[in-house]
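Engineer: Sharing a structure below in structure tokens format, with a few things to ask.
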Amino acid sequence: MTISTLWANILEKLAYDPQSPMIFSSGTFWALFLIFMPIYALLKRSRMKMIVYVVAFSLYFYYKSSGVFFLLIVATSIIDYLLSLVLARREKEWQRKLCVLLSVAVSLSVLGYFKYANLLVESWSYLVGSNFQPLDIILPVGISFYTFQSISYIVDVYRRRIEPTDSWLEYIFFLSFFPALVAGPIVRADHFLPQIKDNRIPERSEVWMGFWLILLGVVKKALLADYIAQYNDIIFTTPETYTGFENLMAMLGYTMQIYCDFSGYSDMAIGIAMIMGYRLPQNFNLPYKSLNVTEFWHRWHISLSSWLRDYLYIPLGGNRRGKVRTYFNNLVTMLIGGLWHGASWKFVAWGGFHGVALIVHKMSLPLLNRIPNTRLVKLVSWLLTVSFAIFTMTIFRVNVLGDLWVMLHNVFTNFHLDYLPVFVDVRLTWCIFMLILIISHAMPDGWWQRLGERFAVMPWVVKLLIFVVVVQLVLQFRSEDVAPFIYFQF
Amino acid sequence: MKGPYSGLWFLLTVGFAIFFVMSAFGGIKIGAVELECSEFYAELTKIGTVEKADVMTATEGVLTADVETADVETEDVEEPRFVVDTMPQRILFIGDSMLEGLSPRLAAYAKHNGHKLYSIIWYGSTTKVWGNSDKLAKYIATYDPTFIFVSLGGNEMFVRDIKTRHLEPLKSILSQLGDIPYQWIAPPNWKPDTGINELLAENIPASRLFVSKDLTLARASDKVHPTRTAAYGWFDLIVAWMAENQDYRIKLETPQVQTAKPDKLEALAPPK
């Protein structure tokens, strides 16, 4: 190996590679974070230098994930910032509304083009019976997240909840803040901008608490979710070739996988931000503990559900215009929330089911409130809510909506519970991982927080040991294949 | 570095150093458990494309083989036109349990060369099973492959009258493959066969059939399947052979990592 080879390889790792966008569980990110951290610590006392540095790193982070599309976020930030300045100086309502309208229209047009153009063309082609040729559009990573952040900023300036930022740099710092850039949580301007002003240096305990969250996120995302996914992928590819029991396990597995995947990544983002001295909103709070679908949405992707409530549901009228309008607003909000997740009608269906479930729950409240809150009632409520979550998550995962029917049909007509002992025998690790996740949900509220606080005060060597064990476990299970098929062991 | 970050920074640095050193040495064992290593070292020290040309393949010495083109009569089979395709491919890999060893190695090649790989393992399957089902056509419709690897024949080494009984199913498979370029990997004999190799050679162009029967491969405990390492070496030989003989050559430069995961892996139960 020569120095030039080493240098060439480092440059290759630092360049944009569409096949491997930068994610928090990658070695490249942590190698860069090692370099980022001491310089950040050095510049932290000078607010403006710190802002410039973090913006530069965030834009590089975005370049590593989406190539030249980092220019898109720069352009969005310039337009938003200028319009927010104009908006703040105008007194006439129609002028202020025009500024908001322009900014939101630009943001949504960009999102619409990159994310939904193909869905529209495909749907149109289907309606008119012409051939569908997909447009060659690459979706920039995280565009849905930062578009919502951009909208929350301009709307909050319009509502006079916040002042426009003092400089464009502060605004792009908020919009491109790398921990939350590609997968949230969706940061709200009124929550985050004051933190930029404060530029608070975190306590040592906060840094370790942030590190704890990162480790928790790594375990969820890179260990549990990625391992569980291997079995789920096998079943979801051709569900018709498996028994109902195996289909049900995959549905259950995917329900846990998506939670670990998403909440794990959120934990890492919140942890990295905490290390840097910023508080991001909680995004998941053990959602499968919920006893009804309304509670589920208070625990699942909280930053999205609260965004939808404040910037869509309430502006639509919320619950202030009578029952029917409330139900309508609920349904519209959830349909749009579904579509936000991806350009496919299955996501709309997913949102639709949740919308209807929320309406049914609201309508039933007078009746439900009369039922005594016994353990049995709680158990039944939990079973119903979890079953609904499993059903809707399956809609999320199936390759085509027809597979949903195939899976349900198999579950109800071809179950074969006799597979259970063999299944446990063959997929012991998968079952153990699932059990860990179920138990983790059963822990009392605040238990994970207390565990993090204990971690923060542990000796340095113990923390190092935990870190090494976690990373090694990820490496170990990354290459271990799930037994490909149950019959193979017969 | 002072302040709240020093402890975490040192921890990450020490952790990073540990994993870097482990990745440089590789293959560390604690008791019976072999520790998996990261690819830090391999990725930083990998040899570039230009330098790679001078490097011998890693398979030398692992296997002893007399790799020739099909050594049986093939006059009746029309040889396709020679093509070189350097574009990224969508590769479909179908076959029997031999894929367990071959697929991870092909996945490493696919990842390194920018191809997509969809592997379908049908345990206990034969040319008859595949030929009498429409699964291949279904997978072709699903994945729209631009190149197909087939590894079949291991479960029909000892079928009597195979040249008569399995001819039609084989023709059905070839018909389902249609115009899509493919590479057939014949079974690695552990005993003399009753005609599967002849059947394949008589119906598949020599430029698309890799004959494995004369390879000497280390076998797993079942004495049938090659060990994982031997299977990786086997696949390297197939790639080397393809570079010389395959009429439709796709980009298959040697990867730096030994194995990878296919983009999709599907396993089917043994046929009843």
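Engineer: Within the range A:442-472, can you find the residues that are under 25 Å from the mean Cα position of the chain (by Cα), more than 10 Å from chain B (Cβ to nearest Cβ) and either more than 30 Å from A:Lys378 (Cβ to Cβ) or of a type in the set (A, V, I, L, M, F, W, C) (or both)?
Structural biologist: Selection gives A:Ala442, A:Met443, A:Trp447, A:Trp448, A:Leu451.
Engineer: Looking only at the range A:289-332, how many residues end up being in contact with a helix residue (DSSP H, G or I) (Cβ under 6 Å, 6 or more places away or on another chain), closer than 27 Å to A:Ile390 by Cβ and of a type in the set (A, V, I, L, M)?
Structural biologist: Residues meeting the conditions: 5.
Engineer: Can you confirm whether the range B:240-254 contains a residue that is under 24 Å from A:Arg478 (Cα atoms) and crowded, with 17+ Cβ neighbours inside 10 Å?
Structural biologist: The answer is yes; a qualifying residue exists.
Engineer: May I ask you to verify whether B:Ser23 is under 15 Å from A:Val474 (Cα atoms), free of Cβ contacts under 8 Å to residues at least 40 places away in the same chain, in contact with a helix residue (DSSP H, G or I) (Cβ under 8 Å, 6 or more places away or on another chain) and more than 7 Å from chain A (Cβ to nearest Cβ)? First the steps, then the outcome.
Structural biologist: Values: under 15 Å from A:Val474 (Cα atoms): yes; free of Cβ contacts under 8 Å to residues at least 40 places away in the same chain: yes; in contact with a helix residue (DSSP H, G or I) (Cβ under 8 Å, 6 or more places away or on another chain): yes; more than 7 Å from chain A (Cβ to nearest Cβ): yes.
Yes; evaluated as a whole, the condition is true for this residue.
Engineer: Right, something else. Could you list, ordered by first residue, the pairs with Cβ atoms under 8 Å in which the first is in the range B:246-272 and away from every other protein chain (no Cβ under 14 Å) and the second is among the small types (Gly, Ala, Ser) and surrounded by fewer than 18 Cβ atoms within 10 Å (Cβ to Cβ), at least 6 apart or interchain?
Structural biologist: If the second residue must be among the small types (Gly, Ala, Ser) and surrounded by fewer than 18 Cβ atoms within 10 Å (Cβ to Cβ), the pairs left are B:Arg249/B:Ala243; B:Lys251/B:Gly114; B:Leu252/B:Ala243; B:Thr254/B:Ala58.
Engineer: Look through A:Glu246, A:Glu240, A:Glu295 and report the one residue that is over 30 Å from B:Ala269 (Cβ atoms) and among the charged types (D, E, K, R).
Structural biologist: Step by step, each of A:Glu246, A:Glu240, A:Glu295 is checked, and only A:Glu295 is over 30 Å from B:Ala269 (Cβ atoms) and among the charged types (D, E, K, R).
Engineer: Kindly evaluate A:Leu120 against the criterion of being in contact (Cβ under 8 Å) with a residue 12 or more places away in the chain, over 24 Å from A:Tyr53 (Cβ atoms) and surrounded by fewer than 16 Cβ atoms within 10 Å (Cβ to Cβ).
Structural biologist: The answer is no for A:Leu120.
Engineer: Would you please name the residue that is surrounded by the most Cβ atoms within 10 Å (Cβ to Cβ), looking only at residues in the range A:1-45 that are among the charged types (D, E, K, R) and more than 9 Å from chain B (Cβ to nearest Cβ)? Break it down stepwise before answering.
Structural biologist: First pass over the range A:1-45, keeping only residues among the charged types (D, E, K, R): A:12-13, A:17, A:44-45.
Going one step further and asking which of them are more than 9 Å from chain B (Cβ to nearest Cβ), we end up with A:17, A:45.
Details: A:Asp17: 14, A:Arg45: 11.
Across the range A:1-45, the extreme among qualifying residues is A:Asp17.
Engineer: Tally time: how many residues in the range A:86-117 are surrounded by fewer than 15 Cβ atoms within 10 Å (Cβ to Cβ) and touching a residue at least 60 places away in the same chain (Cβ under 8 Å)?
Structural biologist: Within the range A:86-117, residues that are surrounded by fewer than 15 Cβ atoms within 10 Å (Cβ to Cβ) and touching a residue at least 60 places away in the same chain (Cβ under 8 Å) number 1.
Engineer: Run down A:Leu224, A:Leu252, A:Leu193 and say which single residue is more than 23 Å from A:Tyr63 (Cβ to Cβ) and outside the structural domain of A:Ser440 (by TED's automatic domain parsing).
Structural biologist: The match here is A:Leu193.
Engineer: Being closer than 21 Å to A:Thr28 by Cβ, among the aliphatic types (A, V, I, L, M) and buried (at least 17 other Cβ atoms within 10 Å of the Cβ), is that true of even one residue in the range A:66-81?
Structural biologist: Within the range A:66-81 (the criterion being closer than 21 Å to A:Thr28 by Cβ, among the aliphatic types (A, V, I, L, M) and buried (at least 17 other Cβ atoms within 10 Å of the Cβ)), the answer is yes, since at least one residue qualifies.
Engineer: Are there any pairs with C-beta distances below 8 angstrom linking a residue in the range A:354-376 that is farther than 15 Å from A:Thr294 by Cβ to a residue that is surrounded by 11 or more Cβ atoms within 10 Å (Cβ to Cβ), with the two at least 6 apart or on different chains, and if so which?
Structural biologist: Between residues of the range A:354-376 that are farther than 15 Å from A:Thr294 by Cβ and residues that are surrounded by 11 or more Cβ atoms within 10 Å (Cβ to Cβ), the close pairs are A:Ile371/A:Val377.
Each row is one residue, and each column tells you yes or no for (1) outside the structural domain of A:Gly338 (by TED's automatic domain parsing); (2) assigned to a helix (DSSP H, G or I); (3) closer than 28 Å to A:Trp345 by Cα; (4) more than 22 Å from the chain's Cα centre (by Cα).
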{"position": "A:Leu72", "(1), (2), (3), (4)": "yes, yes, yes, no"}
{"position": "A:Tyr113", "(1), (2), (3), (4)": "yes, yes, yes, no"}
{"position": "A:Asn118", "(1), (2), (3), (4)": "yes, yes, yes, yes"}
{"position": "A:Pro164", "(1), (2), (3), (4)": "yes, no, no, yes"}
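Engineer: Filtering the range A:293-305 down to residues that are farther than 16 Å from A:Ser263 by Cα and surrounded by fewer than 20 Cβ atoms within 10 Å (Cβ to Cβ), which residue is nearest to the other protein chains (Cβ to nearest Cβ)?
Structural biologist: Residue satisfying both the conditions and the ranking: A:Glu295.
Engineer: Cβ-Cβ below 7 Å, separation at least six or inter-chain, first residue in the range A:381-410 and on the phi < 0 side of the Ramachandran plot, second loosely packed, with under 14 Cβ neighbours inside 10 Å: which pairs?
Structural biologist: Once the first residue is on the phi < 0 side of the Ramachandran plot and sits in the range A:381-410, its partners that are loosely packed, with under 14 Cβ neighbours inside 10 Å give A:Val406/A:Glu240.
Engineer: Mind telling me which of the residues A:Ser150, A:Ser144 ends up being surrounded by fewer than 23 Cβ atoms within 10 Å (Cβ to Cβ) and either in a loop (DSSP other than H, G, I, E, B) or in contact (Cβ under 8 Å) with a residue 24 or more places away in the chain (or both)?
Structural biologist: Exactly one residue qualifies, and that residue is A:Ser144.
Engineer: What do you reckon, is A:Val68 farther than 23 Å from A:Met274 by Cα and either away from chain B (no Cβ under 14 Å) or part of a helix (DSSP H, G or I) (or both)?
Structural biologist: In short, yes.
Engineer: Looking at (1) at pLDDT 95 or above; (2) within 11 Å of chain B (Cβ to nearest Cβ), which is the only condition A:Val54 fails?
Structural biologist: (2)
Engineer: Where residues in the range B:11-40 are modelled with pLDDT of 80 or more and among the hydroxyl-bearing types (Ser, Thr, Tyr), which of them is surrounded by the fewest Cβ atoms within 10 Å (Cβ to Cβ)?
Structural biologist: Looking at residues that are modelled with pLDDT of 80 or more and among the hydroxyl-bearing types (Ser, Thr, Tyr), I get B:Thr13.
Engineer: Out of the helices (runs of 4 or more DSSP H) lying entirely within the range B:88-168, which hold 1 or more residues that are of a type in the set (Val, Ile, Thr)?
Structural biologist: Counting at least 1 such residues, we get B:127-131, B:135-143, B:162-165.
Engineer: Tell me which residues, restricted to the range A:171-203, are touching a residue at least 40 places away in the same chain (Cβ under 8 Å), within 14 Å of chain B (Cβ to nearest Cβ) and charged (D, E, K, R).
Structural biologist: A:Arg200
Engineer: Exactly one of these conditions fails for B:Val84: (1) modelled with pLDDT of 85 or more; (2) in a strand (DSSP E or B). Give me its number.
Structural biologist: (1)
Engineer: Step by step: first the residues of the range A:419-437, then only those that are more than 29 Å from B:Glu34 (Cβ to Cβ) and touching a residue at least 12 places away in the same chain (Cβ under 8 Å), then the one that is surrounded by the most Cβ atoms within 10 Å (Cβ to Cβ). Which residue is that? Write out each step before concluding.
Structural biologist: Within the range A:419-437, the first condition is being more than 29 Å from B:Glu34 (Cβ to Cβ), and the residues that meet it are A:419-421.
Right, trim to touching a residue at least 12 places away in the same chain (Cβ under 8 Å) and you get A:419-420.
Numbers: A:Tyr419: 17, A:Leu420: 12.
Within the range A:419-437, the match that is surrounded by the most Cβ atoms within 10 Å (Cβ to Cβ) is A:Tyr419.
Engineer: Follow-up question, since we're still on this one. Could you please let me know if A:Glu240 is surrounded by fewer than 23 Cβ atoms within 10 Å (Cβ to Cβ) and under 22 Å from A:Met458 (Cβ atoms)?
Structural biologist: Values: surrounded by fewer than 23 Cβ atoms within 10 Å (Cβ to Cβ): yes; under 22 Å from A:Met458 (Cβ atoms): no.
Here the answer is no, as A:Glu240 does not meet what is asked.
Engineer: Let me ask something else. Looking at A:Ser66, is it modelled with pLDDT of 90 or more and touching a Pro at 6+ places or on another chain (Cβ under 7 Å)?
Structural biologist: Criteria not met by A:Ser66.
The values are calculated or read from the model by the stated rules, or taken from the named source; none is laboratory data. Source: prediction; values computed, not measured. Neighbour counts are summed over all protein chains in view; Cβ atoms, including those assigned to glycine, are modelled from backbone coordinates with ideal geometry.
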